[in-house]
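Data first, discussion second: the structure below is written as structure tokens.
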Number of protein chains: 2
Amino acid sequence: MKRIAFTLVAVVAVAGIAALTACASGRADGEASLGIKLPPGYRDWRLISVAHEAGSLNDLRAVLGNDAAIETYRKETLPFPDGTIIARLAWSYVPSEENNKAFGREQSFVAGAPTNVQLMVKDSKKYAATGGWGFAQFKGGKPADEAALKGCFSCHEPAKANDFVFTHYAH
Amino acid sequence: MKRIAFTLVAVVAVAGIAALTACASGRADGEASLGIKLPPGYRDWRLISVAHEAGSLNDLRAVLGNDAAIETYRKETLPFPDGTIIARLAWSYVPSEENNKAFGREQSFVAGAPTNVQLMVKDSKKYAATGGWGFAQFKGGKPADEAALKGCFSCHEPAKANDFVFTHYAH
């Protein structure tokens, strides 16, 4: 029982960035970003929404959430409870020649190679100084260093009314 | 028991388009598109990939799959088995002023209002004439009429080597 409880705590302790900077696909390989690990099974989580960042990021992204995240979005009961994890996956933005041929015009852009995965993990005590959120970033399963995460919270501050989360649920 | 079996068959009989034409968000409200209904809980399915269609479609899309779809993608064991359902959700492609402010530049596009939902349902006997796939489309939960679905299979034919499915799994 203790072992089970410890595992659950370890999973919940996984944190992250759903920040708006650059970030890689995710294997839950056990390395931590500022104490936060990629949660096992995050690729199976339910979809919150999708986005395209143009410019230098030039990616397509999907934002997934664990059960606490999805339930909070659907019930519209902010703030997100402790244990919430939001995962932002991103892939390079590439034209699909195969799709364009089928459409008969150049219009289709699909997910290419993974760029990075960013996480936001809610723990109102542990991360009290940053709105209750821990931020992390992983590229090819490898965690980003501390310097890369410095801007996460300040970037998310304008979204304070939405508990520091930019992504809205796609109905 | 018979009632349970019937319900399962009805769910599996839900079919669709992951076609490349225009399509709406999904409520599983019970109306059928060519005999195919929106499967309950499809919004909770796991993510296959994401895409952006520019031009007149001008949408962001997520392709979700039921368990059979996801397992087949991950194991790379084409063809998809009977019972597979692939759901293509799409939303209008809208700039996010909120995100652009945080980035300090105009680069962010997010999911706006839902446009439509397209389904592909595998039943190799029932849909033998169309590669084993049934196609359907729903807008605001309402099924498209037959005329709107005529082009589905011919459009998907070029993807025959991938069992008529265009979307590749986003790792």
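The values are calculated or read from the model by the stated rules, or taken from the named source; none is laboratory data. Note that the structure is predicted; figures quoted are calculated from it, not measured. Methodologically, a virtual Cβ is constructed for each residue, glycine included, from the backbone with ideal geometry; neighbour enumeration extends over all protein chains shown. Note: areas computed on protein heavy atoms with side chains; ligands, DNA, RNA excluded. Shrake-Rupley method; radii C 1.70, N 1.55, O 1.52, S 1.80 Å.
Below are the figures for this structure:
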read-out: Shielding score for A:82-90, defined as the mean number of other chain Cβ atoms within 10 Å; value: 1
read-out: Approximate spin-label separation A:LYS75-B:ALA54, in nm, with each point projected 7 Å along Cα-to-Cβ; value: 4.3 nm
read-out: The stretch A:42-155, relative contact order in percent, only Cα pairs under 8 angstrom and at least six apart counted; value: 18 percent
read-out: Around A:GLY55: net Lys/Arg minus Asp/Glu count, Cβ-Cβ under 12 Å; value: -2
read-out: Per-copy distances of the A:ALA128 label point, shortest first, in nm (7 angstrom along Cα→Cβ); value: 7.0
read-out: Accessible area in square angstrom per residue, the stretch A:42-162, 1.4 angstrom probe; value: 42 Å²
read-out: Exam field: B:ASN100 pseudo-label spacings to other copies (7 Å along Cα-Cβ), nanometres; value: 2.6
read-out: Additional length obtainable on full extension of the chain from B:ASP145 to B:GLU106, 0.36 nm per residue less Cα span; value: 10.2 nm
read-out: Interface size B-A, as summed buried accessible area [1.4 Å probe, Å², nearest 100]; value: 3300 Å²
read-out: Hits among lysines - C-alpha to C-alpha of A:LYS139 under 29 Å, sequence gap 8 or more where chains match; value: A:LYS37, A:LYS122, A:LYS125, A:LYS126, A:LYS150, A:LYS160, B:LYS75, B:LYS101
read-out: Positive-pole candidate from B:GLY131, B:GLY104, B:GLY151, dipole of the stretch B:74-157, charges at beta carbon; value: B:GLY131
read-out: Other protein chain Cβ atoms within 10 Å, averaged over every residue that makes up B:101-112; value: 6
read-out: Whole-percent carbon and sulfur share, accessible surface of the stretch A:52-171, 1.4 Å; value: 54 percent
read-out: For B:ALA147, label point 7 Å along C-beta direction: distances to other copies, nm; value: 6.3
read-out: Shielding score for A:60-66, defined as the mean number of other chain Cβ atoms within 10 Å; value: 3
read-out: Rh (Kirkwood; distinct C-alpha pairs) - the stretch B:42-162, Å; value: 15.9 Å
